[in-house]
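See below for the structure under consideration.
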Amino acid sequence: MRRDEVEGFAAATIAGRDGELQATFVPGAGMVCCSLRHEGVELLARRHGVRAYAERGKTMGVPLLYPWANRLAGPGYPGPGGPVVLRGDDPLLTRDPSGLPIHGALPGALPWELLDAGADGAAGELRARLRWEREELLAIFPWRHELELRARVEGAALTIATTVRASAEAGAPGVPVSFGFHPYLSPPEGERSAWEVELPVGRRLLLDERMIPTGASEPFENRRFALADSAWDDAFAGLTAPQEFELTAGAMQIRLRLADGWSNAQLYAPAGERFVCFEPMTAPANALRSGDGLRHVAPGETFTASFAIALA
């Protein structure tokens with residue numbers, strides 16, 4: 001692990017033994033992976049940059065959306081001791097154009113600490129920890145717990161594993177799990193109109209005009225297609241084996257391989273933009289309010305979800 005600096009933020013870069021693939025993470029910006037380079041060529045859309053992500057929640061790179069991914073249908077949800085009210089003026093929250101809370105806490109407000117480089121101190125590994133115990137964090141998500149992120153580069157693949165460790169204190173409630181990631185894959189080759197995607201999904205969730213799941217779904221069979229001039233912001237369930245999303249751009253193939261923990265996914269690919277987001281999610285959007293597909297980590301137990309971004 002090499003210490004770096006990005007836009008004035010302390011950062012850490014990891015690389016495989018051959019140096020072919022390098023990934024840079026920023027603890028002060030929600031542990032975002034702000035750069036993934038293959039033989040020096042950037043594979044991620046960095047959009048407005050690290051500072052805009054940390055301070056305004058403008059997503060880029062490979063961001064962790066925590067403690068919820070995508071939108072909530074209103075300014076609150078059921079909590080362990082009664083309703084959780086999300087204040088409209090809370091500086092920890094970002095909102096979509098309709099005013100709905102989106103993507104959890106503001107990344108720059110999360111107190112991530114970088115730990116050792118892994119069990120063997122390898123250059124290709126890093127580990128970071130977030131203790132969810134500050135008063136302002138508990139006000140928006142009232143469950144004391146610990147979050148750990150591990151990243152490893154091996155060969156031409158970056159693997160990211162996220163673990164929720166619930167408090168073992170007597171009487172502690174189970175921690176709901178509804179986070180996700182939002183990788184902005186931006187291959188350098190080919191025209192966006194000729195890029196092809198493949199989705200390991202069986203059902204598309206129906207959304208209302210606010211992009212909130214209605215609870216209904218429909219079969220999805222067109223799993224491999226060219227983007228052409230289409231625009232996507234769609235939610236999916238029914239992940240099929242192998243859980244591997246694929247983006248083909250010219251001679252380059254980028255695959256997002258899901259391992260444990262995921263139940264849902266999103267495809268975000270706006271027309272005219274040179275990126276594709278395959279978004280793994282541990283629950284559907286709005287699960288904290290609806291309860292649909294929402295899982296909990298029992299006191300003293302752990303939950304891990306991991307995925308890899310790999311070049312084929």
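Taking PHE303, is it in a strand (DSSP E or B) and either within 26 Å of ALA156 (Cβ to Cβ) or aliphatic (A, V, I, L, M) (or both)? When the stated conditions are applied, PHE303 does not pass them. Scan region 33-50 and give yes if some residue there is outside any loop (DSSP other than H, G, I, E, B), under 20 Å from LEU147 (Cα atoms) and in contact (Cβ under 8 Å) with a residue 40 or more places away in the chain, otherwise no. Yes, region 33-50 has at least one match. Could you list, in sequence order, all residues of region 179-229 that are touching a residue at least 24 places away in the same chain (Cβ under 8 Å) and farther than 30 Å from GLU42 by Cβ? Correct list: GLY202, ARG203, ARG204, LEU205, LEU207, ARG210, ILE212, PRO213, GLY215. Of all residues in region 265-309, those satisfying the criterion of being more than 30 Å from GLY171 (Cα to Cα) and acidic (Asp, Glu) are GLU273, GLU279.
From the set of residues in region 273-300 that are among the charged types (D, E, K, R) and in contact with a strand residue (DSSP E or B) (Cβ under 6 Å, 6 or more places away or on another chain), which is nearest to GLU146 (Cα to Cα)? Here the residue is ARG295. Being among the acidic types (Asp, Glu), closer than 24 Å to LEU126 by Cα and without any contact (Cβ under 8 Å) to a residue 40 or more places away in the chain, is that true of even one residue in region 1-17? Within region 1-17, one or more residues are among the acidic types (Asp, Glu), closer than 24 Å to LEU126 by Cα and without any contact (Cβ under 8 Å) to a residue 40 or more places away in the chain. Looking across region 275-303 at every residue that is farther than 22 Å from THR214 by Cα and exposed (fewer than 15 other Cβ atoms within 10 Å of the Cβ), the one that is nearest to the chain's Cα centre (by Cα) is identified as THR302. Out of the residues in region 231-260 that are touching a Ser or Thr at 6+ places or on another chain (Cβ under 9 Å) and among the charged types (D, E, K, R), state the one that is farthest from THR214 (Cα to Cα). Taking the candidates together, the pick is ARG257.
In region 207-267, counting only strands (runs of 3 or more DSSP E) that sit wholly within it, the ones holding 1 or more residues that are of a type in the set (A, V, I, L, M), surrounded by 15 or more Cβ atoms within 10 Å (Cβ to Cβ) and within 20 Å of the chain's Cα centre (by Cα) span 232-239, 244-249, 252-258. Among the residues of region 128-151, the ones that are over 15 Å from GLY79 (Cα atoms), among the aliphatic types (A, V, I, L, M) and surrounded by fewer than 16 Cβ atoms within 10 Å (Cβ to Cβ) come to 0 in all.
For region 105-125, the count of residues that are at pLDDT 95 or above, surrounded by 16 or more Cβ atoms within 10 Å (Cβ to Cβ), touching a strand residue (DSSP E or B) at 6+ places or on another chain (Cβ under 7 Å) and part of a loop (DSSP other than H, G, I, E, B) is at least one. Here the condition is being under 19 Å from the mean Cα position of the chain (by Cα) and more than 30 Å from LEU36 (Cα to Cα); of ILE160, ILE140, it holds for ILE140 alone. Can you report the number of residues in region 51-94 which are within 24 Å of TYR268 (Cα to Cα), in a strand (DSSP E or B) and in contact (Cβ under 8 Å) with a residue 60 or more places away in the chain? Final tally of qualifying residues: 6.
The values are calculated or read from the model by the stated rules, or taken from the named source; none is laboratory data. As the structure is a prediction and not an experimental result, all values here were calculated from the model. Every residue, glycine as well, gets a Cβ built from its backbone with ideal geometry; the counts of neighbours run over all protein chains shown.
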